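Structure record follows, encoded as structure tokens.
The values are calculated or read from the model by the stated rules, or taken from the named source; none is laboratory data. Quick caveat: nothing in here was measured; it's all calculated off a predicted structure. Please note: Cβ atoms are built from the backbone with ideal geometry, for glycine as well, and neighbour counts cover all protein chains shown.
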Amino acid sequence: MANEGTIRIHRSIGGTGAAFRVTFVPYEEGEEAPAAGERSFHELQQVRAFLKMLGVGAEFIKDALRQLTAGRSASVPNVSLSEKAVKSAGFGNLVNLARSNS
């Protein structure tokens, strides 16, 4: 079963926490879905490696990183993640959401 949605990346300015937050927001019919999972990273290279691990294409990753360097956020719409990728990503809430809806 594939999970489709948008990956959103936000860069924090200042503070002592992680500089980048990556969330996966699944599509739901009829209403806007809450963020199903979030991961935090300190370096842009970690974000790049994470997106690659999820199976996001190289051109989409380049575009997302360009968006981040131009501003504080980026998004990659129409992403389809396998259950294996979701588990590997640590997006456990999404796996639980999929089980409760089936």
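Could you please tell me which pairs satisfy a Cβ distance under 6 Å, a separation of 6+ or placement on different chains, a first residue in the range 74-93 that is surrounded by 13 or more Cβ atoms within 10 Å (Cβ to Cβ) and of a type in the set (Ser, Thr, Tyr), and a second residue that is modelled with pLDDT of 90 or more and in a strand (DSSP E or B)?
SER75/THR6; SER75/ARG8
Kindly provide the set of residues from the range 76-92 that are over 16 Å from PHE41 (Cβ atoms) and either out of contact with any helix residue (DSSP H, G or I) (no Cβ under 7 Å at 6 or more places or on another chain) or not in a strand (DSSP E or B) (or both), ordered by number.
PRO77, ASN78, VAL79, SER80, SER82, GLU83, LYS84, ALA85, VAL86, LYS87, GLY92
Six or more apart or on different chains, Cβ under 7 Å: which pairs go from a residue in the range 42-71 that's under 12 Å from ALA89 (Cβ atoms) to one that's surrounded by fewer than 16 Cβ atoms within 10 Å (Cβ to Cβ) and not aliphatic (A, V, I, L, M)? Could you list them?
Listed pairs, sorted by first residue: MET53/SER88.
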